[in-house]
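Note sheet for the following structure.
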Amino acid sequence: MKVLMKGNEALGEAAIRAGCRHFFGYPITPQTELAAYMSKRMPKIGGTYLQAESEIAAVNMVLGASAAGVRAMTSSSSPGISLKSEGISYMAGSDLPALIINVQRGGPGLGGIQPSQADYWQATKATGHGDFQILVFAPSTVQEMVDLVSEAFDAADRWRMPAMILADGMLGQMMEPVELPEEGERAQVEKPWAACGHGDKREHNIINSLYLTPDKLEDLVVERYKRYEQVKAREQRAEEYLCDDADVIIVAYGASSRVARSAVNKAREKGEKVGLLRPITLWPFPVDALRKAAGRAKAFLTVEMSMGQMVDDVRLAIDCRVPVEFFGRTGGMIPTPGEVLERVEGLL
Amino acid sequence: MKDLNIVFAGFGGQGVLFAGKAAAYAGLIEGREISWLPSYGPEMRGGTANCSVCISDEPIGSPLITAPNYLVAMNLPSLERFIDAVEPGGTVILDSSLIDREITRTDITVFRVPSSRLAEENGIKGLSNMILVGKLFHELGFCSPEVLDEAIQKCIPPRKADMLELNRRAVALGAQQ
């Protein structure tokens with residue numbers, strides 16, 4: 001039978017079952033249960049749980065563990081992710097995989113502690129300084145949080161880049177039934193690049209992000225961007241719900257996609273042709289699915305718990321062929337299906 | 001089946017989150033879609049705590065309930081916060097030993113259960129929450145008493161196994177009210 005788990009705890013258990021034995025964290029509402037869960041579980045299974053002296057220390061411990069070739073993760077909430085951004089950039093610059101979890105809260109600054117999606121730009125455009133991207137996954141249920149943890153670890157290892165699960169306070173705090181995978185169900189890739197001791201049997205590996213010769217650094221970044229093109233071609237994911245005949249398509253991810261789905265159901269009960277396109281990866285953004293949908297729909301509406309950070313990505317994906325409107329709440333407020341329905345009906 | 005949107009509300013420490021979890025597990029055992037969402041943050045320290053439990057045949061949209069059809073209120077601030085939001089035709093179950101207030105709405109059903117007093121008198125102090133759960137499930141007719149019992153067993157950690165019998169007494173007492 002499925003078990004009832006809080007999103008935060010389910011993320012922790014899923015990571016353990018994905019083979020993660022190294023967690024470095026620092027408490028912050030609303031993700032603290034994840035760190036607390038790891039502090040209980042890791043010692044029992046021979047893993048490492050360490051509460052660092054700061055978020056910056058924690059993310060650099062992840063960098064070190066990842067450089068040694070093991071699956072490592074850290075988690076935080078919005079202000080803490082800002083602190084981790086330096087380490088995330090260093091990992092990207094060192095071609096290191098890792099899992100970073102952001103259980104978003106309202107911002108900017110210390111903001112609030114209620115659910116938010118206002119870190120979309122940070123996650124998809126600028127998780128740190130320099131030319132780089134990270135993989136960004138956006139679960140909308142506790143079960144999907146579990147499933148995407150394995151996917152994120154695998155993708156991070158496959159592409160040698162950091163991956164983020166972009167959740168929010170609602171998903172982290174809520175309980176839903178989950179089915180957990182058995183550990184070891186998925187094969188892990190070899191990491192011949194890891195700095196984990198060589199016993200004089202091979203050349204030593206160097207993990208580094210400092211390149212003082214401009215043409216060398218340019219070559220590395222350009223190579224990395226070729227890899228990003230492959231990632232864009234192969235890792236895009238989205239779920240379509242009643243989009244086939246939809247006049248208006250709502251684009252929403254994570255917690256707000258749940259609200260949007262209820263609004264779609266209400267619209268359909270009234271015979272109104274409304275659909276939902278739910279990005280599951282935010283980077284790479286599911287441009288292929290959006291492009292396809294733009295051939296049918298008359299308008300798009302993004303529904304977000306932010307001031308509309310995803311709107312431009314949708315516009316770019318569809319080359320502005322049809323209008324892209326926005327409805328959202330921010331600061332920790334959660335839109336209601338009624339509000340979304342009213343907005344979407346204005347576009348029909 | 002009609003969607004059940006239940007809000008449990010009271011002081012932090014009264015067991016509103018536990019009561020909600022028991023209800024959610026009953027939904028899970030019955031094979032329904034369920035969600036449980038707590039209030040979190042500074043309001044839990046000394047103030048009110050609440051949780052939203054959704055039980056449905058369809059996947060749950062927003063787990064945050066804005067118009068409950070069932071409200072379990074364990075103190076006056078909680079009742080005052082949620083009473084106007086209860087859906088017309090909805091049901092309120094309240095602890096009448098802590099809440100002494102007339103309810104003027106006539107479009108809802110109100111059950112007054114002196115659960116804190118009953119808990120005290122029956123040697124199960126602290127289980128006022130489960131007396132109200134007993135009453136709630138009696139009124140809901142959602143599942144058999146065996147299913148609720150199984151749900152409660154799922155919610156009690158092994159180190160607190162001795163609490164199971166006391167919880168059972170509380171639920172049985174509530175069902176008789």
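Here are the numbers:
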item: Prolate/oblate/rounded label for the stretch A:255-348 (Cα gyration tensor, a/c 1.5); result: oblate
item: Kirkwood Rh, angstrom, the protein assembly as shown [1 / mean 1/r, Cα pairs]; result: 24.5 Å
item: Per-residue mean of C-beta atoms belonging to partner chains within 10 Å, peptide B:27-39; result: 4
item: Exercise: per-residue mean of other protein chain Cβ atoms within 10 Å, A:131-138; result: 0
item: Extension gain (nm, one decimal) between A:GLU183 and A:MET333, 0.36 nm per residue minus Cα-Cα; result: 50.3 nm
item: Antiparallel %, DSSP beta bridges [both residues in the stretch A:223-330], to 5; result: 25 percent
item: Cross-link reach list, lysines versus B:LYS135, counting only Cα pairs under 22 Å and skipping chain neighbours closer than eight places; result: B:LYS2, B:LYS21, B:LYS125, B:LYS154
item: For the protein assembly as shown, share of DSSP beta bridges that run antiparallel, in % to the nearest 5; result: 35 percent
item: Förster-model FRET efficiency, 56 Å R0, B:ARG112 and A:SER39, C-beta, rounded to 0.05; result: 0.80
item: log10 of Debye I(q)/I(0), alpha-carbon scatterers only, for chain B at 0.10, 0.18 Å⁻¹; result: -0.33, -1.18
item: The stretch B:145-170 residues near the modelled B:ASN122 label - backbone nitrogen below 15 Å, point 7 Å along Cα→Cβ; result: B:149, B:164-170
item: Helix A:214-234 vs. chain A, principal-axis angle (Cα, 0 to 90°, nearest 10); result: 50 degrees
item: Rounded FRET efficiency, nearest 0.05, which uses the C-beta distance separating A:GLU240 from B:GLN153 and R0 of 45 Å; result: 0.65
item: Label-to-label distance, nm, for residues given as B:ALA67 and B:ALA85 (7 Å Cα→Cβ offset); result: 1.3 nm
item: Cα gyration tensor shape of the stretch A:1-88, rounded if a/c is under 1.5, else prolate or oblate by comparing a/b with b/c; result: oblate
item: Sites A:ALA233 and B:ARG105 - FRET efficiency at Förster radius 45 Å, r taken between beta-carbons, to 0.05; result: 0.15
item: Per-residue average of Cβ from other chains inside 10 Å of B:54-61; result: 4
item: Ranked packing of A:198-205, A:264-271, A:181-188, A:72-79, most packed first, by mean Cβ within 10 Å; result: A:72-79, A:264-271, A:181-188, A:198-205
item: Tail beyond 15 Å, pair distance distribution of the stretch A:105-184 (Cα, percent); result: 63 percent
item: Angle between chain A longest axis and helix A:142-159 axis [Cα atoms, degrees, rounded to 10]; result: 50 degrees
item: Spin-label pair A:GLU203/A:CYS320, simplified geometry with 7 Å Cα→Cβ offset, distance in nm; result: 4.9 nm
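Any read-out appearing in this document is the output of simple, stated calculations on the displayed coordinates, not a laboratory observation. Just so it is clear, the structure is predicted and the values come from calculations on it, not from any experiment. When we count neighbours, we look across all protein chains shown, and the Cβ atoms used for this are built from the backbone with ideal geometry, even at glycine.
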